[in-house]
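Notes follow the structure.
The values are calculated or read from the model by the stated rules, or taken from the named source; none is laboratory data. This one's a predicted model, so the numbers in the text were calculated from it and none came from an experiment. Cβ placement follows ideal geometry from the backbone for every residue including glycine, while neighbour counts extend to all protein chains displayed.
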């Protein structure tokens with residue numbers, strides 16, 4: 001069974017008197033453990049597709065099945081539950097709580113899921129160690145570099161053992177060397193079996209993935225495997 005199945009997804013928006021076709025009859029399947037880049041120019045529909053995959057938005061028409069659950073008809077509370085359980089988000093702007101240390105930031109999804117404090121702490125410490133931040137657990141975001149902050153964000157995305165990780169321009173606020181380090185970390189996570197989506201407009205970032213889906217005018221323009229030499233393997 002596919003981890004993700006989109007069938008004839010359409011997303012329309014009304015802007016004034018105009019109807020915007022953000023996505024047009026998009027069908028897509030992704031298997032467990034795939035590493036997928038989604039590319040496209042501004043206005044192509046790639047952000048709309050990411051929002052739908054992340055259950056931040058719902059389709060106007062069509063069906064979306066995630067890990068055996070049809071999410072197309074869920075209400076807002078049910079979507080929030082799916083997001084917390086099934087999806088880890090990594091954002092360009094990190095989206096960390098500024099007054100909380102790394103440990104508290106990573107614990108946050110577990111607080112929402114109702115885990116007790118002892119188990120939360122153990123899980124957060126383990127995942128912070130896995131991204132190389134065992135010595136930064138009590139540092140706040142303003143006491144860390146951009147790369148360290150993004151590692152905290154990755155740890156937070158991983159802590160619930162989600163079905164998929166959605167990374168939206170994860171290197172956009174980082175210098176090229178730090179960006180390469182973050183992409184190398186995502187590649188390691190992929191090799192461990194995590195299912196990863198990276199939304200990007202940068203070819204260099206996309207080539208780290210194993211599959212590139214290009215969106216144009218709300219349609220899938222191409223869907224290709226990345227050659228291993230290109231992917232740096």
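So the values come out like this:
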read-out: Criterion (modelled with pLDDT under 95, in a helix (DSSP H, G or I), in contact with a helix residue (DSSP H, G or I) (Cβ under 9 Å, 6 or more places away or on another chain) and closer than 19 Å to residue 158 by Cβ) met by exactly one of 82, 111; value: 111
read-out: Options 200, 195: the member that is closer than 17 Å to residue 42 by Cβ and at pLDDT 90 or above; value: 200
read-out: Lone unmet requirement of (1) in a helix (DSSP H, G or I); (2) touching a residue at least 60 places away in the same chain (Cβ under 8 Å) for residue 90; value: (1)
read-out: Some residue of the range 122-134 being assigned to a loop (DSSP other than H, G, I, E, B) and under 17 Å from the mean Cα position of the chain (by Cα); value: yes
read-out: Within the range 177-200, considering residues that are touching a helix residue (DSSP H, G or I) at 6+ places or on another chain (Cβ under 8 Å) and part of a loop (DSSP other than H, G, I, E, B), the one surrounded by the most Cβ atoms within 10 Å (Cβ to Cβ); value: 200
read-out: Which numbered condition residue 174 fails, given (1) in contact (Cβ under 8 Å) with a residue 60 or more places away in the chain; (2) in a loop (DSSP other than H, G, I, E, B); (3) surrounded by 15 or more Cβ atoms within 10 Å (Cβ to Cβ); value: (1)
read-out: Residue in the range 139-149 that is in a helix (DSSP H, G or I), under 23 Å from residue 212 (Cβ atoms) and at pLDDT 90 or above present; value: no
